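Enquirer: Following this message is one structure expressed as structure tokens.
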Protein chains: 2
Amino acid sequence: MSSDVVIFVCTSCKREGDAPDAPRAGAALGEAVAVAGPHRVQFVKCLSNCSRGPSAALVRPGGWSYVFGKLEVEGSPEALHEGAALLGASEDGTMPWNSRPDILKRQMIARIPPFDFTPAESAP
Amino acid sequence: MSSDVVIFVCTSCKREGDAPDAPRAGAALGEAVAVAGPHRVQFVKCLSNCSRGPSAALVRPGGWSYVFGKLEVEGSPEALHEGAALLGASEDGTMPWNSRPDILKRQMIARIPPFDFTPAESAP
């Protein structure tokens, strides 16, 4: 199951208020996520969530994709792996809301359906 | 080419400042996008970008996915189809920046890589 979800972490992200020449908060987040759980972690240079970083995304083939923002080295790495496990195990390809860590409720930026998603009820 | 990208429009989105019982701005956006160009348009109930709506996303199989916010019935529908064409035609699966409509630069919320994305340079 753990191979079915990848965690992308933007290593360019700054934290709001950080000095321009401070080490990138996203890079520290990436290193912490890489050792915090079993899912594949892939560093990327930009998730275009720059004003709400540090940022990470969870992607499952054929499932919904999720972006989160304002993540911290403390707590967020474990939460991302927990969310990845929930997403990987879900039957409908979405991350269940009630059981997910609070960080992944409060700091959600957006979710995107898979290409072939067609809800039963598709009218506006 | 036009069948390779789908445009998801959230029909539940409100516009900031709209009265609670006003017709949903996202529903009007969805109807406008559906007739503004050649790409498949799929209505969805939530892209979790609620505080920055109305929202839409572009998805291409094997490519990057994009979310946009604060979209308007005037201008945004055509821009979304233009962006979908650019994304569909791109060789690397990303939407080129310079040639895309201004709306899709200013009102970008996030972009998410495809599951198997591995940049040549993957260190933070």
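The values are calculated or read from the model by the stated rules, or taken from the named source; none is laboratory data. Remember, it's a predicted structure, so these values are computed and weren't measured experimentally. Virtual Cβ from ideal backbone geometry, glycine too; neighbours counted across all protein chains shown. Just the protein is used for accessible areas: all its heavy atoms, side chains included, with ligands, DNA and RNA removed. Shrake-Rupley method; radii C 1.70, N 1.55, O 1.52, S 1.80 Å.
Enquirer: Output the number of residues of the range B:31-42 satisfying the condition of being part of a helix (DSSP H, G or I) and under 12 Å from residue B:57 (Cβ atoms).
Expert: Total meeting the criteria: 1.
Enquirer: Still on this structure, please answer the following. Of B:38, B:20, which residue is out of contact with any Ser or Thr (no Cβ under 6 Å at 6 or more places or on another chain), farther than 28 Å from residue A:10 by Cβ and surrounded by fewer than 23 Cβ atoms within 10 Å (Cβ to Cβ)?
Expert: From the options B:38, B:20, the qualifying one is B:20.
Enquirer: Can you confirm whether residue A:118 is surrounded by fewer than 21 Cβ atoms within 10 Å (Cβ to Cβ), under 20 Å from residue B:49 (Cα atoms), hydroxyl-bearing (Ser, Thr, Tyr) and touching a residue at least 24 places away in the same chain (Cβ under 8 Å)?
Expert: In short, no.
Enquirer: Are any residues in the range B:43-82 of a type in the set (A, V, I, L, M) and either within 20 Å of residue B:12 (Cα to Cα) or at pLDDT below 95 (or both), and if so, which ones?
Expert: Passing the criteria: B:44, B:47, B:56, B:57, B:58, B:59, B:67, B:71, B:73, B:80.
Enquirer: Looking only at residues that are under 20 Å from residue B:110 (Cβ atoms), over 14 Å from the mean Cα position of the chain (by Cα) and within 14 Å of chain B (Cβ to nearest Cβ) in the range A:1-17, which one is least open to solvent (accessible area, probe 1.4 Å)?
Expert: A:12
Enquirer: Within the range A:61-86, track down each residue that is open to solvent by 50 Å² or more (accessible area, probe 1.4 Å) and farther than 21 Å from residue A:46 by Cβ.
Expert: Those that are open to solvent by 50 Å² or more (accessible area, probe 1.4 Å) and farther than 21 Å from residue A:46 by Cβ: A:61, A:62, A:74, A:78, A:82.
Enquirer: Checking the condition hydrophobic (A, V, I, L, M, F, W, C), surrounded by fewer than 19 Cβ atoms within 10 Å (Cβ to Cβ), in contact (Cβ under 8 Å) with a residue 12 or more places away in the chain and facing chain B (nearest Cβ under 9 Å), which residue from A:57, A:27, A:89 passes?
Expert: Of the residues listed, the single one that is hydrophobic (A, V, I, L, M, F, W, C), surrounded by fewer than 19 Cβ atoms within 10 Å (Cβ to Cβ), in contact (Cβ under 8 Å) with a residue 12 or more places away in the chain and facing chain B (nearest Cβ under 9 Å) is A:27.
Enquirer: Further question on the same structure: Right, residue A:80: away from chain B (no Cβ under 11 Å), in a helix (DSSP H, G or I), without any contact (Cβ under 8 Å) to a residue 40 or more places away in the chain and not small (Gly, Ala, Ser) or not? I'd like the intermediate steps shown before the answer.
Expert: Details: away from chain B (no Cβ under 11 Å): yes; in a helix (DSSP H, G or I): yes; without any contact (Cβ under 8 Å) to a residue 40 or more places away in the chain: no; not small (Gly, Ala, Ser): yes.
Judged against the criteria, residue A:80 is not a match.
Enquirer: Among the residues of the range A:41-54 satisfying the criterion of being closer than 13 Å to residue A:109 by Cα and facing chain B (nearest Cβ under 9 Å), which is most open to solvent (accessible area, probe 1.4 Å)?
Expert: Ranking the qualifying residues of the range A:41-54, first place goes to A:52.
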